[in-house]
Amino acid sequence: MEYSLVCVSPSRQAAVARMLERLFSLTPLSQPRPDRGIEIVIHDSPEDLVSGEVVFDAPGLCAIRTVDGYHLRSGASFLALDLRSGRAAGSLSGAFMDLPLEEQRGLFLFAFLLLLSERGLYGLHAGGVWRDGCGFLLVGGSGSGKTTLTCALTRCGWQYLSDDTVLLKRAPSGVKALAFGRPFHCASATFRHFPELARGAHSPVCGKHLVDVGPVYPGRFRSRFRPRVILFPEIAGTRSSRLIPLDSSATLLGLLGRGAGLLHNRDSMAAQVAILGNLAKSARGFRLLHGDDVHSDPLSLSVLLRKGDHIDAMYSAA
């Protein structure tokens with residue numbers, strides 16, 4: 001997906017562009033295009049008085065539903081979203097620009113997800129990996145092992161889409177998954193098993209590190225694929241990993257719990273549910289109980305996912 005960026009000064013333009021480039025796998029446009037993409041405008045104007053319904057309020061971010069869309073506030077910084085025009089306009093304080101990258105992420109993550117949903121792209125809390133023509137989504141919350149699995153498989157020659165968040169889009173050939181978040185989100189313990197990640201690590205925040213994995217795993221990034229397999233990972237604490245097949249209803253329920261559309265309007269959520277329903281029907285779902293082999297023998301995990309019962313047929317059909 002494409003976006004344009006307009007800032008109050010060349011120095012602020014360069015700083016914000018660099019921030020967005022480090023955070024998201026989106027394509028910047030040199031000039032605004034009203035007929036495509038979304039527009040981000042950063043100015044120095046003060047924040048207007050805002051009226052609406054507070055739909056999210058947590059340390060570091062507040063979201064207010066307004067007549068035109070949403071108003072997002074992070075400290076003294078804000079973005080006003082006009083969903084119909086695909087435009088976010090606001091101001092970023094000096095304090096915000098000095099924050100660690102992870103703390104800057106929330107404001108723009110919400111903004112992009114809400115604006116992109118009006119363009120038919122819907123966020124899913126999932127990682128994505130691809131091998132030999134078959135795309136896998138790793139769907140789960142924090143602590144389910146998505147990042148560890150993505151790193152282990154990438155080490156074994158797989159390509160990665162993301163470790164945490166992807167975008168889903170309806171296409172003539174079926175549902176497509178697109179890369180969205182750029183850096184991996186790694187706990188400190190991850191570096192013990194994957195020491196190469198230290199080469200791309202940014203400053204740690206709340207026990208998590210943002211890692212630019214492009215130079216760590218060169219040539220392994222993939223921008224999109226058609227998901228053929230959906231895995232719901234769980235840390236099993238066993239020696240070997242195993243797969244448990246799910247029917248389409250259980251797969252859909254798992255997907256619904258990880259969609260990123262909770263703030264949005266009824267029409268948008270209905271469209272997102274429809275896409276998740278199509279995905280649950282077109283892809284095979286499995287619980288992945290991943291064991292110690294993720295760290296000790298990732299090749300065996302790779303073989304399980306490529307040649308395991310029920311999955312081998314998906315490769316044949318890819």
| message | At 7 Å along Cα-to-Cβ for each site, give me the label-to-label distance between Arg239 and Glu2 in nm. | response | 5.5
| query | Where the Cα atoms of the chain are projected onto their three principal axes, how long is each span, largest first, in whole Å? | reply | 58, 41, 34
| task | Figure the gain on full extension for Leu29 and Lys307 (residue separation times 0.36 nm, minus the Cα-Cα span) and round it to one decimal in nm. | result | 95.9 nm
| remark: DSSP beta bridges in the chain: the antiparallel percent, rounded to 5, is 70
| When Lys and Arg each count +1 and Asp and Glu each count -1, what net charge do the other residues less than 12 Å away from His202, Cβ to Cβ, add up to? | +2
| query | In nm, what is the difference between 0.36 nm times the number of residues separating Ala274 and His295 and their Cα-Cα distance? | reply | 3.9 nm
| Residues of type lysines that Lys208 reaches as a straight line, Cα spacing below 19 Å, ignoring anything fewer than 8 places off in the same chain | Lys146
| Each label point is 7 Å from the Cα along the Cα-to-Cβ direction; what then is the distance between the points at Ser11 and Ser282, in nm? | 4.9
| request: Can you grab the distance from the C-alpha centre of the range 1-61 to the C-alpha centre of the range 62-137, Å, no decimals? | output: 9
| said: Full-extension gain between Ser45 and Glu21, please, as 0.36 nm times their residue separation minus the C-alpha to C-alpha distance. | reply: 6.2 nm
| Local net charge near Ile64, Cβ-Cβ under 15 Å (Lys/Arg +1, Asp/Glu -1) | -4
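Bear in mind that the values in this text are calculations on the coordinates, not laboratory data. Here the structure is a predicted model, which is why all the values come from computation and not from measurement. Heads up, the Cβs are rebuilt from the backbone with ideal geometry, glycines too, and the neighbour counts pull from every protein chain shown.
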